[in-house]
Structures are given as structure tokens and as C-alpha cells.
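The values are calculated or read from the model by the stated rules, or taken from the named source; none is laboratory data. Bear in mind the structure is a predicted one, so any value in this text is a computation, not a measurement. Cβ placement follows ideal geometry from the backbone for every residue including glycine, while neighbour counts extend to all protein chains displayed.
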Amino acid sequence: MTNTSRRNPMELMDRYLQAVRFWLPKSQHDLALELAEDLHSQVEAKAAELGRPLDEGEVSAILKECGRPVVVAGRLRPQDYLIGPMIFPAYRFILKMTLLWMMLPIFVFVVGPVHFATTGSLGAAIGSTIGAMWTGGFLAAGIITMVFVVIERTQSKLRVADKWDPRSLPPLEKPERKASGGKTACELIFNLMALAWLLLVPYKPFLILGPAASFLNAGPMWHTFYAPVLLLTVASILRLIVILVRPDWVRFPVWSKLLQTVLSLVVVNYMINAAGQTAGAAWHPFVLAAQGGEQAVKIAAVVNVSILVSLVCTWIGLFIAAVVQTWQAVRSFTRKESFTPGSASLHVF
Amino acid sequence: MRNTVCAVHYMANGKQSGPEPFENLKLELRRGCLVVAVLGQLRKEQYGYTLRKALADDGLEIDESTLYPLLRRLESQGLLISQWREQDKRNKRFYRLSQVGEGILTQLLEEWQRINASLEKILQEA
């Protein structure tokens with residue numbers, strides 16, 4: 001006989017019932033009494049069948065059959081929840097919208113670049129952005145959860161479920177359309193012209209500077225950024241060709257456009273940062289005065305400021321475009337089969 | 001305990017929780033019958049353990065943590081009457097069908113007959 005089987009086997013039962021009671025509210029303790037009676041009856045029935053008292057192992061087997069105390073208590077107690085099934089879909093939607101489609105883009109496209117601009121270190125910027133995103137995410141999720149808990153507790157009293165009008169439902173979504181071939185072809189021609197222009201600019205500065213090309217030269221930072229700008233244009237051309245060749249890839253235009261916008265945003269961001277890091281006294285990041293004296297230097301300064309302002313405006317435009325395109329891309333990804341009145345019978349059957 | 005009816009297996013969103021779709025569908029089918037079976041058994045007064053045993057002997061096993069909340073729910077709906085009494089030196093809670101419960105059981109059995117007849121008809125047609 002082992003040590004365990006020498007102990008009073010019914011003590012194991014008491015320990016089990018104590019553990020079940022721990023997880024039950026006081027108002028449900030009579031259920032624990034019924035459970036206790038049931039288990040005692042099972043032990044008695046088994047003992048009568050064997051013709052002897054049960055040992056600890058046999059009592060243990062009965063308890064194990066009944067289930068883990070926390071699980072049994074969970075089944076015994078009435079179902080309770082913070083956010084019920086009626087408003088849970090709305091809770092999940094709001095949470096997803098806030099965390100993924102609002103906070104994430106803000107942190108990636110605004111907070112991250114700001115941290116990078118202030119710290120000057122990519123690693124430190126990523127670290128601090130993730131930290132801030134984590135804290136902000138938890139805070140937002142906590143507030144949303146609390147609001148929905150309040151709604152859950154009050155909606156049955158306010159009878160929100162009954163107060164709705166079918167006429168207030170949103171209109172039917174339009175089916176996803178394939179990209180227009182004519183529009184894409186025009187964009188392709190425009191991009192090809194832009195590529196040709198970009199390739200010619202190093203040899204013909206007149207194309208970008210006009211008459212000022214006689215006394216202004218491109219600044220050294222173009223050596224760094226000319227290639228990325230060129231590559232972005234080539235990528236845009238390839239994207240448009242793919243759209244023309246495969247019009248059935250309905251999600252490609254939206255997602256590739258988003259990727260292109262984000263890459264453009266990164267390049268513009270680096271250009272603005274590089275311009276900001278140029279020494280103050282001789283601030284000529286984009287164009288230099290090659291000749292013409294003091295007047296040319298003044299013109300170069302005005303041109304440099306104009307280009308910088310243009311780049312900042314471009315950055316803002318690209319950022320807004322990125323947010324809008326992210327929304328469009330997500331909608332195209334999450335949108336299910338288009339529902340039209342004519343297809344209703346198919347859905348029903 | 002493979003056939004034991006256990007409420008925790010059901011998920012609110014209708015997704016299957018286990019690996020076997022048949023087991024889940026079977027449990028779902030049996031769950032509806034369980035209330036009728038319990039009400040039917042309690043035309044005669046019984047306490048929890050003997051009720052479970054009687055159900056199991058008739059082929060409908062049910063575990064403790066499913067039966068007692070169900071009894072509580074049926075009692076709160078006025079279908080059952082319960083009373084704590086001492087028997088064999090132990091306190092036991094005895095349940096029996098109330099008058100309301102008898103009426104509901106009759107209605108449920110009629111409904112059961114209708115469903116059964118419909119199912120037989122559907123299956124014969126197939």
C-alpha cells in the first residue's frame with residue numbers, strides 16, 4: 001500500500017469541493033452542496049459495487065471524471081461576461097479600427113518619423129515608437145473596453161436593440177470595379193514622359209531650372225536621391241503595365257499604389273531630413289550658385305527654400321494619401337463577395 | 001464519458017470547438033432533448049444523483065456540472081419544485097415537476113411528436 005492510499009480518501013473529496021467552492025460566488029454555494037451529495041453518492045455506489053471502502057486512487061478517479069475544479073465551477077455558475085454577444089461585433093470592429101487602421105498608421109507615419117527626426121538614430125526611433133505604440137494601444141483598448149462594458153450594462157435597460165430603423169441602413173456597396181484601361185494607359189504615358197525627363201535632367205539642367213540653369217547647379221544631395229527617385233518612377237511604370245496586362249487582379253492597383261506612396265513618403269522624408277542637416281551658413285542643399293555673384297546666391301537661396309517647402313507639402317500630401325489608400329486597401333481586402341439585390345435569392349438558398 | 005451532454009462544448013458563435021463535427025452536432029441534437037428527458041424523469045420525485053443515474057440507465061448520460069445548473073434554471077422558470085430533505089443521514093435536494101412543468105412537458109412532447117413525424121416524412125421522401 002502506498003503512502004497516498006493510507007490517507008483518508010474522503011479528505012481528497014473535501015479538498016476538491018473546497019476548490020470548487022473557491023471559484024463559485026456565495027449565491028451558488030448550494031450548487032456545491034448538491035455536487036458534494038452527488039459525489040458522495042457516487043463513492044457509495046462504487047463501494048457497494050466493490051464490497052469495500054474506496055481507496056484514495058479510486059476516489060481520485062471519480063473526481064477526475066467530474067473535472068478540474070475551476071472548470072466545474074465555471075459550468076456550474078451562471079454565464080457572465082463583460083461584453084455580451086449582442087454588442088461584441090461592434091466592440092471588435094471599433095477596437096480593430098482604432099488599433100489597426102488609426103493608431104498603427106499614425107505611429108508608423110507620424111510618431112516614428114518624428115522620433116527619428118528628433119533622435120537621429122533609426123534604432124532609438126524604432127524602440128521609442130514601439131514603446132509608445134504599446135502604451136497607447138493598451139490605453140485605447142482599455143478605454144474602448146470600459147465604454148463597451150458600460151454599454152453592455154445599460155443597453156438592456158435602454159432597450160437599444162429595439163430602437164432601430166431599417167431605413168437607416170447604409171446603401172448597398174458598389175461592386176469592386178476593374179481598373180479603367182484608358183485611364184491607366186494615360187498614366188503610363190505620363191510616367192514614361194516623366195522618366196524620360198528625369199533621365200535627361202542631368203544632361204540638360206535647363207529642363208528643371210529654366211534660364212537659371214546658366215548660373216545654378218544641382219546640389220550634392222541629388223547624387224544620393226536621384227537613383228531612388230528614378231527607381232520609384234520605373235516601379236510606377238511597371239505597376240501600370242501590370243494593371244494593363246492583368247485587369248482581373250482587382251486588389252493589385254490599390255495595394256501597389258499604397259506601397260508606392262509609402263516608398264515615396266520614405267524618400268521625401270529622407271530628403272527633408274538631409275536638407276535639414278545641411279550646415280546653416282551655407283545652406284544650399286538642392287541647388288548651388290555656380291556663377292553670377294551675390295545675386296545668384298540670393299536666387300539659389302530662394303530656390304532652395306521653395307524646393308524645401310514643396311517637399312514638405314509633398315510629404316503632407318503623401319501622408320494623407322497613405323492613410324486614405326490604407327483604408328481603401330483594407331476595405332478591398334476585407335470586402336466579401338459583392339451583394340446585389342439580384343443575387344439575394346442565391347444567398348438565401 | 002464520450003456521450004455525456006456537456007454545455008461547455010457549445011460555442012456562442014456557432015464555430016465547432018472539437019475536432020469531430022459529428023460529436024458536436026450530436027451534442028447539439030441531444031441538448032434539445034435533455035430538457036424533455038429531465039422533465040419526464042421528474043414526474044417522479046428524485047434527487048440529483050438518482051436523476052443522473054436514471055437518465056444514464058436510459059442512455060442519456062449527463063455530467064454533474066451540466067445537470068445542476070439546468071435544474072436550477074428549470075426551477076427558476078417555475079417548471080420544477082425542489083426541497084432539501086435528510087435521507088440516509090445526508091441532506092439531499094429533491095426535485096419534482098410542478099403543475100406548470102406538467103403542462104409544459106405535455107406541450108413539449110406534442111412538439112416532439114410533430115418534429116419526429118416531420119423528420120420521418122422528410123427522410124422517407126429522400
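Quick rundown of the values:
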quantity	calculated
Some residue of the range B:9-21 being at pLDDT 90 or above and either loosely packed, with under 12 Cβ neighbours inside 10 Å or aliphatic (A, V, I, L, M) (or both)	no
Neighbours by Cβ (under 6 Å, 6+ apart or cross-chain): first from the range B:108-125, in a helix (DSSP H, G or I); second of a type in the set (Val, Ile, Thr)	B:Leu108/B:Val36
Test result for A:Thr224, within 22 Å of A:Ser310 (Cβ to Cβ) and either outside the structural domain of A:Gly317 (by TED's automatic domain parsing) or loosely packed, with under 13 Cβ neighbours inside 10 Å (or both)	yes
Test: residue in the range A:148-155 that is exposed (fewer than 13 other Cβ atoms within 10 Å of the Cβ), closer than 30 Å to A:Met86 by Cβ and not hydroxyl-bearing (Ser, Thr, Tyr)	yes
Lone unmet requirement of (1) out of contact with any strand residue (DSSP E or B) (no Cβ under 8 Å at 6 or more places or on another chain); (2) within 17 Å of B:Gly32 (Cβ to Cβ); (3) within 12 Å of chain A (Cβ to nearest Cβ) for B:Ile62	(1)
Residues being over 57 Å from the mean Cα position of the chain (by Cα) and at pLDDT below 85 - total across the range A:8-53	1
Unmet requirement for B:Arg72, which otherwise passes all of (1) outside any strand (DSSP E or B); (2) away from chain A (no Cβ under 13 Å)	(2)
Any hit, the range A:277-295, residues being in a helix (DSSP H, G or I) and surrounded by 15 or more Cβ atoms within 10 Å (Cβ to Cβ)	no
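So that you can scan it fast, the table gives a plain yes or no per residue for (1) surrounded by fewer than 17 Cβ atoms within 10 Å (Cβ to Cβ); (2) hydrophobic (A, V, I, L, M, F, W, C):
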{"site": "A:Ala47", "(1), (2)": "yes, yes"}
{"site": "A:Leu50", "(1), (2)": "yes, yes"}
{"site": "A:Leu54", "(1), (2)": "no, yes"}
{"site": "A:Gly57", "(1), (2)": "yes, no"}
{"site": "A:Lys64", "(1), (2)": "yes, no"}
{"site": "A:Arg68", "(1), (2)": "yes, no"}
{"site": "A:Val72", "(1), (2)": "no, yes"}
{"site": "A:Leu76", "(1), (2)": "no, yes"}
{"site": "A:Tyr81", "(1), (2)": "yes, no"}
